[in-house]
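Notes follow the structure.
The values are calculated or read from the model by the stated rules, or taken from the named source; none is laboratory data. Note that the structure is predicted; figures quoted are calculated from it, not measured. Cβ sites come from the backbone with ideal geometry, for glycine too, and all protein chains shown count toward neighbours.
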Amino acid sequence: MARSNNPVKTSDLLVKALEEEGVRHVFGVPGEENLDFLESLRTSSIELVLTRHEQAAAFMAATYGRLTGRAGVCLATLGPGAANLVTGAAYAQLGAMPMVMITGQKPITRSKQGRFQIVDVVSMMRPLTKLTRQVVHGNSVPALVREAFRLAEEERPGPVHLELPEDIAAEMVEDWHLIPRREPCLNCASESSVTKAAAMIEEAVSPLLLIGAGANRKQVIEPLKAFVEKTGIPFFNTQMGKGVIGGSHPLYLGTAALSDNDYLHCAIDRSDLVINAGHDVVEKPPFFMKHGGKKVIHVNYSPAEIDSVYFPQHDVVGDIGNTFRRVAEKLVPSEHHDFSYFMKIRQEVLKHIDMDVDSNRYPILPQRVVGDVRKVLPADGIVVLDNGIYKIWFARNYRTNKDNTILLDNALATMGAGLPSAMVAAMLNPTRRVIAVCGDGGFMMNSQEMETAVRLGLNLVVLVLRDNAYGMVRWKQSMNKFDDWGLGYGNPDFVLYGRAYGAGGHRVESAESFLPLMERCFQQGGVHLIEVPVDYSENQRVLIDELAARVCLL
């Protein structure tokens, strides 16, 4: 434990505590109330990643936490700056991403500007965080920082907030000590619950494994893969569980990208047991629960929250990876398990998602967009999605080959997070191909971060799918038989827009040119913006009409 009697400024002590936690980056937009902290950062080992908007900084910090398991840190000033972190806080809270937010505030021991810019940020953050606290004395900083990171990173991960007033940041701390970092502690499920789960799996005839958002943790991936390999149980995933086990696996059935009526739902209906790994209530309600129907085993870090659409027959509460490792040890592959129907469904799913991937229609069909992105990315390439109708197409059709190679948000499902999240993926993986897929609406919400990406020297390709409208809402408007009204807009010339930031700017002129253009951009390196005119008319045929005619007759 580092300890010293030498006086130190509170902001210096805060930075020392962040270094003790292993913090390498702080994302943010400083203000005058952060100047002491900024000076302390200047002489530290921590890199300040200056963004063009606080919301983008929060998205970047949250995604850093999502990819590393270690809390990302973001910075804003008081009032308007702190308020701009709110969407990012909600993004991290619903998406279970560890993040620490630090905001400034006017002096609390004296007033020099009345109520100018002052809002109650601590209270504002309370509904969106696991902890929100104002620093009132420098001596409390080490304990507050250690507690902030502990809470942010422990299950269920999420955001915390610390407010550092201007006068407290500048005060001297006479006697101080740092508190060493400790890795989060994960509890293990009871032996009796593991034994019962194994017995239920052995008794089932056609069990299925569902991989949800809570299973998308580094320590879960290998035990879950080993469980599938030993038992031979087919699996499917929710949108946020996508990629935990690769979509190229021979037992992968598909993604539950739609609430009901998709092809893999035929398999779900036929199963007599669903092993639910990492169900998270932020994702859409489970569609497989029926009274008197199949049994469900809930495997998660916390007990199931029971309601009318989710009432599992058995809970296995503890570290998910440890649970599946222990269950696998108890199981002997059952001779009476029958997965033949599931394999027929797998072939049906693959047949439909491979349709039209080579269509030369222009503007480009979403199936072609997904297919060409898959072709241009190697097994470890990363695709990061903003939010729009294309997210459903990628969730259904994109086949992963490696864990954490598709990042999407089906929790807050906010627009504007795609570009900042992809920037962090590129920062952390400088030798891997990273591509951001954004609609024109979501892209323009944080498009100013193109300058940040160029300044950071990232290698990143940004696809802007242009349909000149808020397409997801427009599609739902059409489904509800409302008039097409109120959702269209104009766009800048995206080619010139990208070049104005110092990035490459390109427009796809034909379906055939799309894949070669992406390849050239990756070969050249740096940041590239590619405008992709897209035709969403297939939404109705593929996602509505075909599925309405689907009959589980296989």
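Could you please let me know if I108 is farther than 30 Å from G212 by Cα, in contact with a Pro (Cβ under 8 Å, 6 or more places away or on another chain) and assigned by TED's automatic domain parsing to the domain that holds I168? In short, yes.
Scanning the range 490-533 for residues that are farther than 14 Å from S447 by Cβ and of a type in the set (S, T, Y) gives S510, S513.
Considering (1) of a type in the set (G, A, S); (2) crowded, with 23+ Cβ neighbours inside 10 Å; (3) more than 24 Å from P127 (Cα to Cα), the lone condition that A57 does not fulfil carries the number (3). Of A257, A267, A277, A304, all but one fail to be at pLDDT 85 or above, among the small types (G, A, S) and over 20 Å from R156 (Cα atoms); the exception is A267. When restricted to residues that are out of contact with any strand residue (DSSP E or B) (no Cβ under 8 Å at 6 or more places or on another chain) and surrounded by fewer than 20 Cβ atoms within 10 Å (Cβ to Cβ), the range 467-500 contains 16. If we scan the range 541-548, do we find a residue that is over 30 Å from S271 (Cα atoms), out of contact with any Ser or Thr (no Cβ under 8 Å at 6 or more places or on another chain) and among the small types (G, A, S)? No, there is no match, as no residue in the range 541-548 is over 30 Å from S271 (Cα atoms), out of contact with any Ser or Thr (no Cβ under 8 Å at 6 or more places or on another chain) and among the small types (G, A, S).
In the range 48-61, is there at least one residue being farther than 23 Å from F443 by Cβ and either outside the structural domain of R217 (by TED's automatic domain parsing) or at pLDDT below 95 (or both)? Scanning the range 48-61 turns up at least one residue that is farther than 23 Å from F443 by Cβ and either outside the structural domain of R217 (by TED's automatic domain parsing) or at pLDDT below 95 (or both).
Of all the listed residues (K196, K130), the sole one being free of Cβ contacts under 8 Å to residues at least 40 places away in the same chain, surrounded by fewer than 24 Cβ atoms within 10 Å (Cβ to Cβ) and not small (G, A, S) is K130. On inspection, V316 fails the criterion of being in contact (Cβ under 8 Å) with a residue 40 or more places away in the chain and closer than 30 Å to D467 by Cβ. Considering G31, G22, which residue is in contact with a helix residue (DSSP H, G or I) (Cβ under 8 Å, 6 or more places away or on another chain) and in contact (Cβ under 8 Å) with a residue 12 or more places away in the chain? Sole residue among the options that is in contact with a helix residue (DSSP H, G or I) (Cβ under 8 Å, 6 or more places away or on another chain) and in contact (Cβ under 8 Å) with a residue 12 or more places away in the chain: G31. I'd like to verify a number: residues in the range 506-527 that are crowded, with 17+ Cβ neighbours inside 10 Å and either over 27 Å from the mean Cα position of the chain (by Cα) or of a type in the set (F, W, Y) (or both), how many? Qualifying residue count, the range 506-527: 7. Restricted to the range 90-209, the set of helices (runs of 4 or more DSSP H) holding at least 3 residues that are out of contact with any Lys or Arg (no Cβ under 8 Å at 6 or more places or on another chain) comprises 121-125, 141-153, 191-203. In the set S111, S45, only one residue is surrounded by fewer than 24 Cβ atoms within 10 Å (Cβ to Cβ), farther than 19 Å from S123 by Cα and at pLDDT below 95; that residue is S111. The residues of the range 359-381 that are within 16 Å of V461 (Cβ to Cβ) and over 25 Å from the mean Cα position of the chain (by Cα) amount to a single one, I364.
Here's the yes/no breakdown for (1) over 25 Å from A96 (Cα atoms); (2) of a type outside the set (A, V, I, L, M); (3) out of contact with any strand residue (DSSP E or B) (no Cβ under 9 Å at 6 or more places or on another chain); (4) without any contact (Cβ under 8 Å) to a residue 24 or more places away in the chain:
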position: G214; (1), (2), (3), (4): no, yes, no, no
position: Q219; (1), (2), (3), (4): no, yes, yes, no
position: K225; (1), (2), (3), (4): no, yes, yes, yes
position: F236; (1), (2), (3), (4): no, yes, no, no
position: G243; (1), (2), (3), (4): no, yes, no, no
position: G246; (1), (2), (3), (4): no, yes, no, no
position: H249; (1), (2), (3), (4): yes, yes, no, yes
position: L258; (1), (2), (3), (4): no, no, yes, no
position: N261; (1), (2), (3), (4): yes, yes, yes, no
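Residue by residue, here is whether (1) assigned by TED's automatic domain parsing to the domain that holds G72; (2) touching a helix residue (DSSP H, G or I) at 6+ places or on another chain (Cβ under 8 Å) holds:
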residue	(1), (2)
A148	yes, no
L164	yes, yes
I168	yes, yes
V173	yes, yes
R182	no, yes
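Taking the condition surrounded by fewer than 24 Cβ atoms within 10 Å (Cβ to Cβ) and among the charged types (D, E, K, R), does E39 pass? When the stated conditions are applied, E39 passes them.
Taking the conditions (1) without any contact (Cβ under 8 Å) to a residue 40 or more places away in the chain; (2) in contact with a helix residue (DSSP H, G or I) (Cβ under 8 Å, 6 or more places away or on another chain) in turn, N446 satisfies each one other than (1).
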